[in-house]
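To keep things clear, I will list the structure first and then write my remarks on it.
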Amino acid sequence: MGSSEERVVAVIMVGGPTKGTRFRPLSLNIPKPLFPLAGQPMVHHPISACRRIPNLAQIFLIGFYEEKEFALYVSSISNELRVPVRYLKEDKPHGSAGGLYNFRDYIMEDNPSHVVLLNCDVCCSFPLPQMLEAHKGYGGMGTLLVIKVSAEAANQFGELVADPVTNELLHYTEKPETFVSDLINCGVYIFTPNIFTAIEDVFMQRKDRANLRRATSFEALQSAAKALPPDYVRLDQDILSPLAGKKELYTYETLDFWEQIKTPGMSLKCSGLYLSQFRHTSPQLLAAGDGTRSATIIGDVYIHPSAKIHPSAKIGPNVSISANARIGAGVRLISCIILDDVEIKENAVVIHAIIGWKSSIGKWSRVQGEGDYNAKLGITILGEAGSVEDEVVVINSIVLPNKTLNISVQEEIIL
């Protein structure tokens, strides 16, 4: 394991039910962090990346979901990776930094030298070992993973300015109204334990300001109403922005892929990114076939071992097929996620779509989206136990659970 001075602890923020509303109808059935991308739960990808960190002592998941929703997954992943993984439930919102501080005693119980902090809804290659080495070289309190994006997209994220020579973080602003930089925060961090002192300093400043405030003043009462709770601390506005330019924070730029998984459309895109990454990290997870004894596979495809695929089916690229799915003769699948227990009957076509658990697609039917991952109706989503009858066409639509479609629809939300 290495000496205690070298130990690293990873913390993954997984959010909660109120945070996954944009992920509906898929998050109606399963916590968003457990939704499968490339055949693995969303949170599995950052967990697997953490496993590559030298001297990793423990992984914590912090969120608002009930513990029972994560119990089975946490147990199985701990055994699989042979690293302790533990879920910690927040009693109330504490903010991204406050949540970290709230569980500081658990996080620091192994006396780690570094804390890796990640957001679960980030999709990237997670270059954590390289980032950790860079962080040690910088000698600061924290290092942020950053990436360059287009100027048009930058203001949707935390924009920052870094010294081009030393990589020191000089300026940070969250979702600015005017353009600051094309360099953005990826939501992946490495800190020394001094981060807890920095968060505590914010707590103390808040309490001091509250004590100085004159409670009888109407102006003070107004500002008190607007003020955040003393134990609610945001990592970006309360920690990163004030410490920028003070030789405490540094940046590590990734030249690889990076996306935020906020919507079902982006989950389909990110599933494809992870599938392509499997070529280098986990080629054994990718399917192969030439149409003789097994289905024809094109590009990057994941098929669960329990799924039954007819040899005449043609699958890929960017297709993930989950447990106990049944894919019939002549079926064509392109850029889609097929969830557990789905049946797709003969000669059906599914393109740019997510087919929900226990759903069925009839013979000669077509379920398709245009493939705009950012648009509300850019992909077609069939909720749990949905049914598309024979010879029905569903284009750019969202179908809520337990619905049967016996007529064709286009650009509709079926409630």
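The values are calculated or read from the model by the stated rules, or taken from the named source; none is laboratory data. Fair warning: this is a prediction, and the values are worked out from it, not measured in the lab. Neighbour counts run over all protein chains shown; Cβ positions are idealised from the backbone, glycine included. Just the protein is used for accessible areas: all its heavy atoms, side chains included, with ligands, DNA and RNA removed. Shrake-Rupley method; radii C 1.70, N 1.55, O 1.52, S 1.80 Å.
Details
- Residue match in segment 103-123 (condition: in contact with a strand residue (DSSP E or B) (Cβ under 7 Å, 6 or more places away or on another chain), closer than 23 Å to Q260 by Cβ and among the hydroxyl-bearing types (S, T, Y)): no
- From the list A154, A220, A210, the one residue that fits, being closer than 18 Å to G95 by Cβ and either polar (S, T, N, Q) or modelled with pLDDT under 90 (or both), is A210.
- Pick from segment 292-326, criterion β-branched (V, I, T) and open to solvent by less than 10 Å² (accessible area, probe 1.4 Å), ranking: nearest to S365 (Cα to Cα): I315
- Selection count where residues are farther than 25 Å from F278 by Cβ, among the polar types (S, T, N, Q) and modelled with pLDDT under 95, scope segment 108-146: 1
- Looking across segment 373-415 at every residue that is surrounded by 14 or more Cβ atoms within 10 Å (Cβ to Cβ), under 29 Å from the mean Cα position of the chain (by Cα) and of a type in the set (D, E, K, R), the one that is nearest to K262 (Cα to Cα) is identified as K376.
- Remark: pairs (first residue in segment 234-259, farther than 21 Å from H114 by Cα; second residue part of a strand (DSSP E or B) and open to solvent by 30 Å² or more (accessible area, probe 1.4 Å); Cβ separation under 6 Å; 6+ apart in sequence or on different chains) = Q237/E174; G245/L170.
- Subset of segment 109-139 that is assigned to a loop (DSSP other than H, G, I, E, B) and closer than 20 Å to R234 by Cα - its residue that is least open to solvent (accessible area, probe 1.4 Å): C120
- For segment 142-152, the set of residues classified as of a type in the set (A, V, I, L, M, F, W, C) and either within 24 Å of L37 (Cα to Cα) or open to solvent by less than 10 Å² (accessible area, probe 1.4 Å) (or both) consists of L144, L145, V146, I147, V149, listed by residue number.
- Flag if I62 is touching a Gly at 6+ places or on another chain (Cβ under 8 Å), hydrophobic (A, V, I, L, M, F, W, C) and without any contact (Cβ under 8 Å) to a residue 60 or more places away in the chain: yes
- Yes/no for I414 being in contact (Cβ under 8 Å) with a residue 12 or more places away in the chain and either acidic (D, E) or under 21 Å from S267 (Cβ atoms) (or both): yes
- Close contacts from segment 266-283, counting a first residue that is under 20 Å from L26 (Cα atoms) and a second that is in a helix (DSSP H, G or I) and at pLDDT 95 or above, with Cβ to Cβ under 7 Å and a gap of 6+ residues or different chains, come to Y274/H45.
- For segment 160-183, the set of residues classified as touching a Lys or Arg at 6+ places or on another chain (Cβ under 8 Å) and crowded, with 17+ Cβ neighbours inside 10 Å consists of E168, L183, listed by residue number.
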